[in-house]
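The values are calculated or read from the model by the stated rules, or taken from the named source; none is laboratory data. None of the values given here were measured: they were computed from a predicted structure. As a convention, Cβ positions derive from the backbone with ideal geometry for all residues, glycine included, and neighbour counts pool all protein chains shown.
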């Protein structure tokens, strides 16, 4: 899933969430009045959810005050606008119609996508994604880094004589991880410089390089302690990303169903071409 699709879907979900505030009147106290118009907690909550994201770190009472101020401002000028008859303006009516359709879209999305996702949906998609990931081998290695080839060869002789790799790393390596015995942990291909990677993955478990490995950092002696298939991420680690994939699939299925029963015509040829390209990219897996 591309970053563009992920961000677009996240924005859509945020809009839906912002439009979903509704409370029973008894749990929805009046927080202010503007003339004879009441402002209830639910309206204030909606205003808070619509604040600029830059205000998110403000203390809660400051956010509430900023939101209340915006609601009061809106009601004051909206009342004057009605006195002038601006609600009868065609541009205003057109915008209200657009906003109404958008909110209906969001409500439908929330009901049939966001609220319709089950844990089984997420688990099934996770298993599908994991099954499609090629299994990668990873190795657990240690290394000793020195400046010259002669130093590296001398270390290999000491290893051949039975000395401890960890002790030699602590005593002679110039790498910052020397105090850990040169431990590099587990890594897959593509994580190390090419020369180091080629030597490490060519070794059997428990073996060390019999010749120094030269890289841009110096000369290495490498010990491979373990080899194994890389474990995939757990569902808990990637659950938010998987849930977004499920939401995308459900949303695209809704749109496909709607398009089957309603014809979409675009008269501008260039606009149609761009629309078709954008939809093809969005639907690509």
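Report, ordered by the first and then the second residue, all pairs with beta carbons closer than 8 Å, sequence separation of six or more or different chains, a first member in the stretch 78-96 that is closer than 25 Å to residue 38 by Cβ, and a second member that is surrounded by fewer than 11 Cβ atoms within 10 Å (Cβ to Cβ).
79/35
Do you know which residues across the stretch 265-277 are in a helix (DSSP H, G or I) and either in contact with a helix residue (DSSP H, G or I) (Cβ under 6 Å, 6 or more places away or on another chain) or surrounded by 11 or more Cβ atoms within 10 Å (Cβ to Cβ) (or both)?
272, 273, 274, 275, 276
Check every one of the helices (runs of 4 or more DSSP H) wholly within the stretch 81-166 and list those with 1 or more residues that are surrounded by 11 or more Cβ atoms within 10 Å (Cβ to Cβ) and more than 30 Å from the chain's Cα centre (by Cα).
Those helices (runs of 4 or more DSSP H) span 90-109, 149-160.
Let's see how each residue does on (1) closer than 30 Å to residue 258 by Cβ; (2) modelled with pLDDT of 95 or more; (3) touching a helix residue (DSSP H, G or I) at 6+ places or on another chain (Cβ under 6 Å); (4) not assigned by TED's automatic domain parsing to the domain that holds residue 257:
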position: 29; (1), (2), (3), (4): no, no, yes, yes
position: 45; (1), (2), (3), (4): no, no, no, yes
position: 53; (1), (2), (3), (4): no, no, no, yes
position: 58; (1), (2), (3), (4): no, no, no, yes
position: 62; (1), (2), (3), (4): no, no, no, yes
position: 84; (1), (2), (3), (4): no, yes, no, yes
position: 88; (1), (2), (3), (4): no, yes, no, yes
position: 95; (1), (2), (3), (4): yes, yes, no, yes
position: 111; (1), (2), (3), (4): yes, yes, no, yes
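Kindly indicate whether any position in the stretch 237-246 is outside the structural domain of residue 167 (by TED's automatic domain parsing), outside any helix (DSSP H, G or I) and without any contact (Cβ under 8 Å) to a residue 12 or more places away in the chain.
No, that holds for no residue.
State whether the residues of the stretch 178-195 include one that is loosely packed, with under 14 Cβ neighbours inside 10 Å, in contact with a strand residue (DSSP E or B) (Cβ under 9 Å, 6 or more places away or on another chain) and more than 27 Å from residue 229 (Cα to Cα).
no
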